[in-house]
Amino acid sequence: MAGRIVGAFAAATLLLSCTQETGNEPPVQVVGDLHDMMTWVLDPAADVVWGSAGWILTADGTQDLTPTTEGGWDQVRHSAAVLAEGGNLLLMPHLAPATDGEAWIEFSRGMTRVAQDALAAVDARDSAALFETGGHLYNVCLACHQVYARGEE
């Protein structure tokens with residue numbers, strides 16, 4: 001019994017020593033910059049949401065993009081959750097631009113709010129609401145890009 005207590009104490013001490021901040025180091029380990037976040041995380045997630053709502057008109061007729069399986073809906077839910085949390089991540093100091101912080105905060109929070117609406121549409125299996133929410137997501141992204149990504153797309 002005493003060995004288990006000593007072992008648990010040693011493990012807790014090691015864990016605390018690994019998680020404590022030292023000096024002026026940020027509490028996160030920076031993996032990429034804002035461009036990487038957009039390219040690797042947010043763009044692919046938004047593409048899944050946009051690609052899962054609406055219709056495509058072809059010479060053969062109309063193709064409904066609505067997921068038809070639980071796995072398909074799960075993929076859209078995952079992507080909407082990534083976008084919702086992505087809005088929070090955009091508020092991390094290493095990702096936020098140095099200028100006009102209030103607008104950046106509003107755009108980031110707007111993405112989170114719209115992604116939460118997408119989650120609700122997915123949970124309700126409401127294709128029309130998902131389509132409408134995808135439009136709102138596009139507007140939030142476009143508005144932000146018009147301010148912060150001029151000439152980079």
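Counting only the heavy atoms of the protein chains, how much of THR69 is accessible to a 1.4 Å probe, in Å² to the nearest 10? Near enough 80 Å² of accessible area. Couplings 3J(HN,Hα) of segment 89-104, computed from phi: 5, 4, 7, 5, x, 6, 9, 6, x, 6, 9, 6, x, 5, 5, 4 Hz, in residue order, whole Hz [Karplus 6.51 cos²θ - 1.76 cosθ + 1.60, θ = phi - 60°; x for Gly and Pro]. Loop-resident trypsin sites (Lys or Arg not before Pro) (DSSP state other than H, G, I, E or B) in segment 45-153 with no more than 15 further Cβ atoms inside 10 Å of their Cβ: ARG125, ARG150. When PHE107, PHE131 are compared by accessible area at a 1.4 angstrom probe, the order from most to least is PHE131, PHE107. Taking amide hydrogens as placed 1.01 Å from N in the peptide plane, the amide H of TRP55 sits under 5 Å from those of LEU65, each at least 5 positions away in sequence or on another chain. Heavy atoms of the protein chains alone define the surface here; on that basis segment 42-104 has 57 Å² accessible area per residue at 1.4 Å probe size. Per-residue accessible area (protein heavy atoms, 1.4 Å probe) orders HIS145, HIS94, HIS35 as HIS35, HIS94, HIS145, starting from the largest.
Label sites at ASP43 and ALA59, each approximated as a point 7 angstrom past Cα along Cα to Cβ, lie 3.2 nm apart.
The values are calculated or read from the model by the stated rules, or taken from the named source; none is laboratory data. Owing to the predicted nature of the structure, the values given are computational and were not obtained by experimental measurement. Please note: Cβ atoms are built from the backbone with ideal geometry, for glycine as well, and neighbour counts cover all protein chains shown. Just so you know, the surface numbers come from the protein's heavy atoms only, side chains and all, with ligands and any DNA or RNA stripped out. Shrake-Rupley method; radii C 1.70, N 1.55, O 1.52, S 1.80 Å.
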